[in-house]
Amino acid sequence: MLQKFRHFLLLDRDNSLAVENTKTYNQYLSKLEKISKVNINNYDDLLKALESRINFFNDNGGRLSDHGFEQLNFFEKEIYDVHSLFGKVKNNESLTDNEIAFFKFKTVIELCKMYHKVGWTQQFHLGAIRNNNKRLLDQLGRDTGFDSIGDFSQARALSGVLNKLDSTNQLAKTIVYNLNPADSEVFATMVGNFNDGTIKGKMQYGAAWWFLDQKDGMEKQINALSNLGLLSCFVGMLTDSRSFLSFPRHEYFRRILCNIIGTDVENGELPADEEFLGKIISDICYHNAKNYFNFK
């Protein structure tokens, strides 16, 4: 089963959106056809194949999706026909930057509807600028240490995507993670717009991520959420790595969380009620996530 999950990670995540390079995208489609057993001749076939993989993982206990973008794309009007754009890609014709952005927007929306249908949580990691050193990229390949924090505009497109899904009641449980600390308050307040009371903590401002999952970054994320949202509903730290060496960040996070709460008690900002505060901490560190993700 672990091998099947690794195979899924290889084939999906954001590869389904990566139409910048038509050659590698068509190679991805060939792999997706094989594993989904769907002949992908048009855009509807692509969606059918992606939904089959989501259903496969849902049947085998999968409960979350995860996408990493510089920023979300949002278009108020249908300025292109996504079926035609897919046809161009299948024919190895390059798309313009605006066409690429529109294709990604439309496909993300369709994926999000699928996540809602099966009751998944969707995650968006936003704000990384990748592969900055082109010389070393050519020499060593992708994801070899030359990514950094980006300064992209986030609020309007994030609002647009969430609102489009919410308007048809197809907004799944959502966690958004920011990489630029300048956007912390933006993200913390944005999720509050779409918490509709149907699910406890439905919209989450996610834990400090990547360059920010260190002491200062974790403290700032927790404080931003506490100041602008509801800390008691937080699902806590994540580990999106498949490396055992990344797991201790959970213990690191718990110690930082307890230190923040303890300092607030010492300063008279919270009551010295161990039972009350202990429940909040244990919920953040375990119970909230267990209930939120419907893990069995």
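Below are the figures for this structure:
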{"item": "Residues that are touching a residue at least 24 places away in the same chain (Cβ under 8 Å) and part of a helix (DSSP H, G or I), drawn from region 229-248", "result": "231, 232, 233"}
{"item": "Residue 283 being within 25 Å of residue 61 (Cβ to Cβ) and modelled with pLDDT of 95 or more", "result": "yes"}
{"item": "Residues satisfying the stated conditions in region 143-172, i.e. among the charged types (D, E, K, R) and either assigned to a loop (DSSP other than H, G, I, E, B) or in contact with an Asp or Glu (Cβ under 7 Å, 6 or more places away or on another chain) (or both)", "result": "143, 147, 151"}
{"item": "Cβ pairs under 8 Å, 6+ apart, first in region 145-166 and at pLDDT 95 or above and of a type in the set (Lys, Arg), second surrounded by 17 or more Cβ atoms within 10 Å (Cβ to Cβ) and assigned to a loop (DSSP other than H, G, I, E, B)", "result": "156/74; 164/74"}
{"item": "From 235, 265, residue being buried (at least 20 other Cβ atoms within 10 Å of the Cβ) and either within 20 Å of the chain's Cα centre (by Cα) or more than 25 Å from residue 112 (Cβ to Cβ) (or both)", "result": "235"}
{"item": "The listed residue being charged (D, E, K, R), under 28 Å from residue 116 (Cα atoms) and loosely packed, with under 14 Cβ neighbours inside 10 Å, out of 290, 279", "result": "290"}
{"item": "Criterion (surrounded by 13 or more Cβ atoms within 10 Å (Cβ to Cβ) and out of contact with any strand residue (DSSP E or B) (no Cβ under 6 Å at 6 or more places or on another chain)) met by exactly one of 160, 141, 145", "result": "160"}
{"item": "Residue 251 farther than 21 Å from residue 174 by Cα, touching a residue at least 12 places away in the same chain (Cβ under 8 Å) and of a type in the set (Asp, Glu)", "result": "no"}
{"item": "Flag if residue 290 is part of a helix (DSSP H, G or I) and in contact with a helix residue (DSSP H, G or I) (Cβ under 8 Å, 6 or more places away or on another chain)", "result": "no"}
{"item": "Condition check for residue 226: without any contact (Cβ under 8 Å) to a residue 60 or more places away in the chain, in a helix (DSSP H, G or I), under 27 Å from the mean Cα position of the chain (by Cα) and over 30 Å from residue 62 (Cβ atoms)", "result": "yes"}
{"item": "So residue 36, is it within 21 Å of the chain's Cα centre (by Cα) and among the hydroxyl-bearing types (Ser, Thr, Tyr)", "result": "no"}
{"item": "Meets criteria (modelled with pLDDT under 95, more than 18 Å from residue 175 (Cα to Cα) and not hydrophobic (A, V, I, L, M, F, W, C)) for residue 243", "result": "yes"}
{"item": "Failed criterion for residue 123 (all others in (1) buried (at least 18 other Cβ atoms within 10 Å of the Cβ); (2) of a type in the set (S, T, N, Q); (3) outside any strand (DSSP E or B) hold)", "result": "(3)"}
{"item": "Residue that is surrounded by the fewest Cβ atoms within 10 Å (Cβ to Cβ) [pool: residues in region 196-223 that are in a helix (DSSP H, G or I) and of a type in the set (D, E, K, R)]", "result": "216"}
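The values are calculated or read from the model by the stated rules, or taken from the named source; none is laboratory data. The structure presented is a predicted model; accordingly, all values stated were derived computationally and were not measured. Every residue, glycine as well, gets a Cβ built from its backbone with ideal geometry; the counts of neighbours run over all protein chains shown.
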